[in-house]
Amino acid sequence: MNEHTLIVGAGYAGSVMARELADAGRRVHVIDKRPHIAGNAYDELDEHGVLVHRYGPHIFHTNGERIFQYLSRFTEWRPYEHRVRGMVGGAPYPFPINRDTLNLLYGLDLDEAGAAAFFERVREPREPVLTSEDVVLNSVGRDLYEKFFLNYTRKQWGLDPSQLKAGVAARIPVRTNTDDRYFTDTFQAMPLHGYTKMFETMLDHPNIMVEVDVDFAEVRKRGGYDHIVYTGPIDAYFDFRFGHLPYRSLRFEHEHLAGVSQYQETGTINYPNDHAYTRITEFKHLTGQRHGGTSIVREYPQAEGDPYYPVPRAENEALFKRYEELARQEPNVTFVGRLAQYRYYNMDQVVGAALVAAKRLLGRGEDI
Ligand code: FAD
Ligand code: UDP
């Protein structure tokens, strides 16, 4: 009989694993405790017929050609380059900070060399660069740090940038040119018919059985699988034996604006200093959908609720390492994904991690 694998979670990690194992001839049972597939990338038409991302804006971008090609088996694409403005003092500025941001904010007329000299003058050199505060002060200095980063980060994480590892703020580049794209990756596109459709196609395989609205806790008792792929929070798998790993959560406030064809000038506007929410995203920019109304989402960070973000700080990583050691000793279980590996992964990185994990599991590690 071919081997029977249980996959916990129908997001990127679980679905890519499912497809790889199924293509290799294994029988796969995918479960998710939510009533749908696609994990946090889930999108659907809202009650007004606008395609929205239930769990906040998801923009696909990657430099990994192999990853883009892999997903292209399951979807066509719509080219899309995301743009963001940071609202400071009631006015929108290009974000990430670029030369236009400086010129608009300070009433200057800097060219590229002038912008570089400006950053050189205002930056507070830090050595070593360990925290997110170090990253930002080291590159743009205190005024820009306070206007664009300090309060946004406090809101998003409930922590000061000095309490977060450098990698968090290092996601945001600083530019001396006028490029106002949020990402500069080679491949930037949205699934033409949405993420959920892409996942449906990925999971549409005779060896894959999908069951939603089912918690691992129930299925675990039954047993009967040769292998388990677990993509949920790693601390939950081990019944929080060493205590809870912090995962930051969000509350999403969706709103439809009837008769408003466009609400804001860019896909996302960040509000570092005002409001309890961090940002507003208008989905039609992302999807290219035409509709007489428009739908937006506001993101309110919170400690409690569904786990969305691992919190990158040394003490959490130390606790994760203890769970990872347990995971290593767990026979016949693969832990993969943003929650199971406790890594601040983007979608493409999860696809990459799942492809690697699938190859290992199939005994093809030498191909990696
Ligand atoms: P998930 O998508 O979280 O899937 C895990 C699944 O496991 C969930 O569906 C969950 O219900 C299920 N599960 C957990 N426990 C159990 C259990 N006990 N029983 C059954 N099922 C269980 N990435 C980008 O590349 N670009 C973006 O623009 C972007 N924007 C984002 C915006 C927000 C607000 C958030 C939160 C994330 C964003 N990401 C973005 C990151 C992206 O969402 C993740 O990288 C990706 O979805 C992680 O996939 P995953 O399979 O590891 O986890
Ligand atoms: N950030 C900030 N101000 C902004 C946008 C981002 O201070 O206007 C910081 C903040 O700490 C945030 C991090 O940069 O958590 C990464 O931002 P990104 O937009 O990549 O976050 P995500 O989309 O993953 O929520």
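Evaluate the following for Phe216: is it modelled with pLDDT of 95 or more, touching a Gly at 6+ places or on another chain (Cβ under 8 Å) and crowded, with 16+ Cβ neighbours inside 10 Å? Spelling it out, Phe216 is indeed modelled with pLDDT of 95 or more, touching a Gly at 6+ places or on another chain (Cβ under 8 Å) and crowded, with 16+ Cβ neighbours inside 10 Å. Identification of strands (runs of 3 or more DSSP E) wholly contained in segment 1-79 with 1 or more residues that are of a type outside the set (Asp, Glu), touching a Leu at 6+ places or on another chain (Cβ under 7 Å) and surrounded by 15 or more Cβ atoms within 10 Å (Cβ to Cβ) yields 4-8, 27-32, 51-53, 77-79. Restricted to segment 91-100, and to residues there that are in a strand (DSSP E or B) and in contact with a strand residue (DSSP E or B) (Cβ under 8 Å, 6 or more places away or on another chain), the residue that is nearest to ligand 1 (Cβ to nearest atom) is Phe95.
Looking across segment 310-323, the residues that are surrounded by fewer than 22 Cβ atoms within 10 Å (Cβ to Cβ) and either within 11 Å of ligand 1 (Cβ to nearest atom) or of a type in the set (Gly, Ala, Ser) (or both) come down to Ala314, Ala318. Residues that are of a type in the set (A, V, I, L, M) and open to solvent by less than 40 Å² (accessible area, probe 1.4 Å) number at least 1 in the following helices (runs of 4 or more DSSP H) confined to segment 133-212: 166-169, 195-203. Considering each residue of segment 91-113 in turn, none proves to be within 27 Å of Leu361 (Cβ to Cβ) and surrounded by fewer than 22 Cβ atoms within 10 Å (Cβ to Cβ).
The residue that is farthest from ligand 2 (Cβ to nearest atom), counting only those in segment 289-302 that are over 17 Å from the mean Cα position of the chain (by Cα) and open to solvent by 10 Å² or more (accessible area, probe 1.4 Å), is Gly292.
Is it true that some residue in segment 272-288 is under 23 Å from the mean Cα position of the chain (by Cα), under 22 Å from Gln163 (Cα atoms), buried (at least 20 other Cβ atoms within 10 Å of the Cβ) and away from ligand 1 (no atom under 14 Å from the Cβ)? Yes, that holds for at least one residue.
When Gly90, Gly56 are checked against the criterion of being farther than 30 Å from Gly224 by Cβ and within 15 Å of ligand 2 (Cβ to nearest atom), Gly56 stands alone in meeting it.
Scanning segment 324-368 for residues that are aliphatic (A, V, I, L, M) and either open to solvent by 60 Å² or more (accessible area, probe 1.4 Å) or without any contact (Cβ under 8 Å) to a residue 60 or more places away in the chain (or both) yields Val356, Ile368.
Taken together, the residues in segment 64-86 that are within 16 Å of ligand 2 (Cβ to nearest atom) and of a type in the set (Ser, Thr, Tyr) amount to 1.
Taking into account only those residues within segment 80-90 that are open to solvent by less than 50 Å² (accessible area, probe 1.4 Å) and part of a loop (DSSP other than H, G, I, E, B), which is farthest from ligand 1 (Cβ to nearest atom)? Among those residues, the one meeting the criterion is Tyr80.
Within the option set Asp235, Asp239, being farther than 30 Å from Pro92 by Cβ and open to solvent by 60 Å² or more (accessible area, probe 1.4 Å) holds for one residue only, Asp239.
The values are calculated or read from the model by the stated rules, or taken from the named source; none is laboratory data. Note that the structure is a prediction, hence the values are computed from the model and not measured. Glycine gets a Cβ as well: all are built from the backbone with ideal geometry, and neighbour counts include every protein chain shown. To get the accessible areas, we keep the full protein, side chains included, count just its heavy atoms, and leave off ligands, DNA and RNA. Shrake-Rupley method; radii C 1.70, N 1.55, O 1.52, S 1.80 Å.
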